[in-house]
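S.K.: Have a look at this one before I ask anything.
The values are calculated or read from the model by the stated rules, or taken from the named source; none is laboratory data. Here the structure is a predicted model, which is why all the values come from computation and not from measurement. Counting neighbours? That spans all protein chains shown, and the Cβs are built from the backbone with ideal geometry, glycine included. Each accessible area value is taken on the protein alone, full model and side chains, heavy atoms only, with ligands, DNA and RNA left out. Shrake-Rupley method; radii C 1.70, N 1.55, O 1.52, S 1.80 Å.
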Amino acid sequence: MDFASDNAAGASPLVLEALLAANHGAVPAYGSDPYSTRAKTMLNDVFEREVTAFFVTTGTAANALALGALCPPWGAIFGHHHAHIANDECGAPEMFTAGAKLVGIDGPTAKISPDAFRTTLKDFPVGTVRQVQPGALSLSQATECGTLYACDEIATLSDIAHGAGMPVHMDGARFANALVALGCTPAQMSWKAGVDVLSFGATKNGTFACEAVIFFDSEKAKNFAYQCKRGGHTLSKGRLLGAQMAAYLENDHWLDLARSANAHASDLAAGLKGIPGVRLAWDAPANQIFAILPRAADEALKRAGARYYDWGSRGHATSQALAPDEVFIRLVTSFATEAEAVRLFVSIVREAVA
Ligand SMILES: *Cc1c(COP(=O)(O)O)cnc(C)c1O
């Protein structure tokens with residue numbers, strides 16, 4: 001019963017097989033190999049237009065390098081207070097932008113509210129040399145609270161950003177989970193809604209270590225190859241990344257993996273919801289569930305070896321007050337979650353509160 005995170009799983013077997021298959025013969029280094037070329041062509045098809053894509057090994061590198069391409073050192077990067085870029089990347093976005101300032105914005109369940117964004121922007125007047133200048137907006141889809149921006153909500157925030165002269169970055173560490181939950185197309189959830197650069201996550205959803213930085217405007221990518229290399233993210237054996245990404249995209253494998261992860265989360269949510277004394281903190285339609293449990297259930301789960309995070313300690317306040325004998329937890333499912341683990345987890349909670 002491992003619901004700690006979707007990176008607790010290994011890679012999808014198809015990705016692993018593709019890596020083994022790519023392990024013979026000599027090919028050009030530094031990403032000029034046929035595997036990487038093919039994966040880039042596949043991304044053009046996925047996004048229904050020509051994109052400029054680069055492969056890196058971590059989501060932190062994808063985000064930080066992408067922001068480094070968008071935002072000058074004297075810029076402000078606007079993101080939610082709970083954003084991964086602000087709380088989980090050890091200052092990488094600040095480092096790769098050579099010192100841009102991260103500005104946190106409010107909004108319930110880790111979603112930036114358009115009003116809060118507009119209000120925050122008033123504190124960053126264009127042309128005032130005493131203040132950092134609007135540099136980029138960064139949105140997480142899915143968010144750190146497992147919630148989603150509908151495509152029109154992305155478009156509204158993008159319009160505000162573009163109106164203030166800023167490009168839009170999307171942290172899509174869980175892009176696939178959000179996409180299948182919304183039932184829209186990759187194009188609708190990104191460039192058609194105003195996203196300029198996307199961190200297209202794949203590691204949590206089935207590769208071993210491969211994420212793409214996708215530029216919808218090649219002009220913005222013109223220095224990225226240098227930034228990537230300078231940041232130590234240009235793999236000499238680039239086929240390692242290209243082979244993973246091609247296998248991930250092949251025959252919509254990535255969508256199948258995300259559907260499976262989301263289905264496990266929805267089974268978990270449905271099972272927990274039916275138990276007296278258990279509440280879900282908010283509606284989270286992708287693969288992260290936030291639940292409030294009686295302490296007795298938390299203790300029984302831990303005794304049984306279940307793994308998950310106590311989310312109360314992360315400061316993601318729920319709108320619902322916790323009683324002293326309640327705990328607030330996050331559960332994440334992945335493509336590798338087993339139905340039996342979900343069933344066992346729910347039955348332990350049910351017995352503990354009976
Ligand atoms: C996991 C995650 C990332 C990427 O994290 P790495 O550990 O650097 O791969 C980025 N953003 C969000 C929202 C995430 O959950």
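S.K.: With a 1.4 Å probe and all protein chains left in place, how much accessible area per residue does the chain have, in Å²?
M.R.: For the chain, the per-residue accessible area is 42 Å².
S.K.: What fraction of the DSSP beta bridges in region 103-257 is antiparallel, stated in percent and rounded to the nearest 5?
M.R.: 35
S.K.: Still on this structure, I have one more. If you count, for each residue, the other Cβ atoms within 10 Å and average over each peptide, how do 88-94, 252-258, 300-306, 329-335 line up from highest to lowest?
M.R.: Details: 88-94: 17.9, 252-258: 20.4, 300-306: 14.6, 329-335: 25.3.
Listed from highest to lowest mean packing, they are 329-335, 252-258, 88-94, 300-306.
S.K.: What nm distance separates the two modelled labels at residue 20 and residue 159, each placed 7 Å from Cα along Cα→Cβ?
M.R.: The answer from the label model is 5.2 nm.
S.K.: P(r) of the chain in 10 Å steps, Cα pairs, percent per bin?
M.R.: 6, 25, 31, 24, 12, 2, 0
S.K.: Something else: Among all lysine pairs in the chain that are eight or more places apart or on different chains, how many have alpha carbons less than 25 angstrom apart?
M.R.: Here the count comes out as 25.
S.K.: If you roll a 1.4 angstrom probe over the protein chains with everything in place, what fraction of the accessible area of region 254-353 belongs to carbon and sulfur, to the nearest %?
M.R.: 52
S.K.: When the expected Rg is taken as 2.2 N^0.38 Å, what fraction or multiple of it is the alpha-carbon Rg of region 111-235?
M.R.: 1.12
S.K.: Something else about it: Apply the Karplus curve 6.51 cos²θ - 1.76 cosθ + 1.60, θ = phi - 60°, to the phi angles in region 249-260 and return the couplings in whole Hz, x for Gly and Pro.
M.R.: Listing the rounded values in order: 8, 3, 6, 6, 3, 4, 6, 4, 4, 5, 5, 5 Hz.
S.K.: Still on this model: Given 124, 145, 93, which one lies farthest toward the positive end of the charge dipole of region 80-181, if we put +1 on the Cβ of every Lys and Arg and -1 on the Cβ of every Asp and Glu?
M.R.: The one lying farthest along the dipole's positive direction is 124.
S.K.: Follow-up question, since we're still on this one. Could you give me the percent of Cα pairs per 5 Å distance bin for region 192-307, shortest bin first, beginning at zero and ending with the bin that holds the maximum distance?
M.R.: Reading upward from the zero bin: 2, 9, 13, 15, 14, 12, 11, 9, 8, 5, 2, 0.
S.K.: Carbon and sulfur: what percent of region 190-251's accessible surface (1.4 Å probe)? Numbers along the way, then the final one.
M.R.: Numbers: 1210 of 2420 Å².
Carbon and sulfur together cover 50 percent of it.
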